[in-house]
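For reference, the structure is listed below as structure tokens.
The values are calculated or read from the model by the stated rules, or taken from the named source; none is laboratory data. Please read all numbers here as calculations on a predicted model, not as lab measurements. Glycine also receives a Cβ, built like all others from the backbone with ideal geometry; neighbour counts cover every protein chain displayed. Surface areas here come from the heavy atoms of the whole protein model, side chains and all, with no ligands, DNA or RNA. Shrake-Rupley method; radii C 1.70, N 1.55, O 1.52, S 1.80 Å.
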Amino acid sequence: MLPTIQWKKDRVVMIDQRKLPEKEVYVECQDYIQVAEAIEKMIIRGAPAIGVAAAFGVALGFLKMRKGKDVEEEFSRIVQRLERTRPTARNLFWALERMKITFEKNKAIDLSQLKKRLIKEAMEIEAEDVETNKKIGFLGKGLLKDGDSVLTHCNAGALATAAYGTALGIIVAAFKEGKRIHVYADETRPLLQGARLTCWELDKENVPVTLITDNMAGHLMQKGVISKVIVGADRIARNGDTANKIGTYTVAVLAKEHRLPFYVAAPTQTIDLSLAIGSEIPIEQRSALEVREFGGRCVTIPHVEVENPAFDVSPASYISAIITEKGICRPPYEKSLKDLFNKTQREE
Ligand code: MRU
């Protein structure tokens with residue numbers, strides 16, 4: 001199992017995903033500001049992993065709290081700093097909300113006990129993510145059949161979560177069952193999560209993978225090479241519209257044109273029932289340098305204007321199914337997602 005992120009005594013340790021696959025380097029965060037910066041710089045990335053990192057960030061920040069300080073004010077400061085890191089990832093806000101609820105419920109107890117309680121909650125969030133992803137893999141693997149060639153975009157693997165991954169978790173689970181699956185990985189410009197991370201992960205799992213540039217998917221679909229698409233998600237609106245890495249929408253349109261199943265795999269924490277439709281999802285804009293440069297070298301005129309939205313929205317009508325840990329939802333999503341949450345509430 002890949003150690004994406006770990007709580008180690010009084011620090012948070014994470015693999016530096018910017019350096020992969022060349023170097024396996026670990027970064028140690030000693031306070032919550034370092035955790036927030038690690039999320040912003042994408043040392044850690046992927047919506048579920050960001051959620052876990054944020055929960056650990058809160059626990060770490062609070063661990064440094066001294067007696068006599070305004071505990072509530074300090075707690076809010078920590079949460080607000082982490083909230084400002086990556087606006088699209090729903091799991092970030094979900095995890096912070098859980099930490100806030102834990103704080104509110106326990107704020108009257110002794111400070112050292114409260115610190116322990118927050119660490120415990122963050123560790124539970126991490127452990128639950130591992131279980132959630134195992135379930136997504138288990139439920140989703142039935143959608144893949146022997147001989148499938150699956151296109152994926154960005155990285156929705158173990159590195160993007162506490163472990164196992166979502167979209168890649170399904171692929172690996174189907175592969176381990178003996179199905180012959182071949183993956184086509186979009187390189188995913190500008191930061192190359194597909195080329196650097198997805199290929200690295202699949203190679204470690206011995207899953208056959210072919211790397212393509214983002215503009216090759218249409219050609220391969222036209223040639224009949226791709227049979228299915230599976231991607232992850234950063235935020236899903238009530239009607240099923242899904243924000244994922246920039247370029248996912250293009251793949252969804254191509255899949256529809258070629259009548260190929262287009263699956264989204266995500267934990268229920270990624271679903272944001274407060275948003276009616278995808279256009280309400282906040283889209284993160286990142287630095288122009290990520291587009292102007294390639295491998296640290298400027299590849300254009302240095303003053304050229306740049307657009308760098310980190311995510312786009314695939315309309316629900318392009319999505320064949322949304323695979324969650326609680327079940328597989330089919331269109332119309334307004335109903336199936338609602339039913340999923342109602343069922344969950346009844347079980348709790
Ligand atoms: O900018 P990133 O690398 O954080 O974007 C990641 C993605 O778009 C993933 O597909 C998504 O977070 C799901 S990860 C299980």
Problem set entry | Top positive-direction residue, dipole computed over the chain with Cβ charges, set 252, 237, 102 | 102
Problem set entry | Accessible-area value, residue 75, 1.4 Å probe, nucleic acids and ligands omitted, Å² | 10
Problem set entry | Hypothetical label at residue 40: residues of the range 277-310 whose amide nitrogen lies under 19 Å (7 Å Cα-Cβ projection) | 283-291, 308-310
Exercise. Using a cut-off of 24 Å between alpha-carbon atoms, which lysines can reach residue 69, once sequence neighbours fewer than 8 places away in the same chain are excluded?
Worked result: 9, 100, 105, 107, 115, 116, 120
For this session: Subtracting the Cα-Cα distance from 0.36 nm times the residue separation, let me have the gained length for residue 111 to residue 253 in nm, one decimal.
Result: 45.8 nm
For this session: Return the carbon/sulfur percentage of the accessible area of the range 5-135, one whole number, probe 1.4 Å, all protein chains in place.
Result: 48
For this session: Can you tell me the FRET efficiency between residue 180 and residue 33 if r is taken as the Cβ-Cβ distance and R0 is 41 Å, rounded to the nearest 0.05?
Result: 0.30
Problem set entry | Accessible area of the range 140-347 belonging to carbon and sulfur atoms, whole % at 1.4 Å probe | 53
Problem set entry | Solvent exposure of the range 5-135 as accessible area per residue, Å², 1.4 Å probe | 46
For this session: Would you give the gap between the C-alpha center of the range 294-348 and the C-alpha center of the range 214-231, rounded to a whole Å?
Result: 19
Seminar exercise, completed: For the residue 69, residue 26 Cβ pair and Förster radius 35 Å, calculated FRET efficiency rounded to 0.05 is 0.70
For this session: May I ask you to list the residues of the range 211-242 whose amide nitrogen lies under 20 Å from a point 7 Å from Cα along the Cα→beta-carbon direction of residue 307?
Result: 214-218, 242
For this session: Quickly estimate the mean residue ellipticity at 222 nm for the chain, helices only: each DSSP H run with n ≥ 4 gives -39500 (n - 2.57), and the total goes over all residues, rounded to 500.
Result: -12500 deg cm²/dmol
Exercise. Considering only DSSP beta bridges with both partners in the chain, what is the antiparallel share in %, to the nearest 5?
Worked result: 55
Exercise. When only Cα pairs under 8 Å and 6 or more residues apart are kept, what is the percent relative contact order across the chain?
Worked result: 15
Exercise. Shape call for the range 203-312 from the C-alpha gyration tensor, a ≥ b ≥ c root eigenvalues: rounded (a/c under 1.5), prolate (a/b greater than b/c) or oblate?
Worked result: oblate
Problem set entry | Near-label residues of the range 208-248 by backbone N, under 16 Å of a point 7 Å along Cα→Cβ of residue 339 | 239-240
For this session: Rank these by accessible area, largest first, 1.4 Å probe: 333, 164.
Result: 164, 333
Exercise. By how many nm would the segment from residue 330 to residue 104 lengthen if fully extended, with 0.36 nm per residue of separation less the alpha-carbon distance?
Worked result: 77.7 nm
Exercise. To the nearest 0.05, how large is the calculated FRET efficiency for residue 127 and residue 277 if R₀ is 35 Å and r is the Cβ-Cβ distance?
Worked result: 0.60
Exercise. How about the range 280-333: which GluC sites (Glu not before Pro) there are in a DSSP loop, with at most 13 other Cβ atoms within 10 Å of their Cβ?
Worked result: 305, 307
Problem set entry | Angle between the chain longest axis and helix 111-140 axis [Cα atoms, degrees, rounded to 10] | 10
Exercise. In degrees from 0 to 90, rounded to the nearest 10, what is the angle of the helix 333-347 Cα long axis to the longest principal axis of the chain?
Worked result: 40
Problem set entry | Top of 228, 116, 141 by mean-square fluctuation, Gaussian network on the chain, Cα under 10 Å | 116
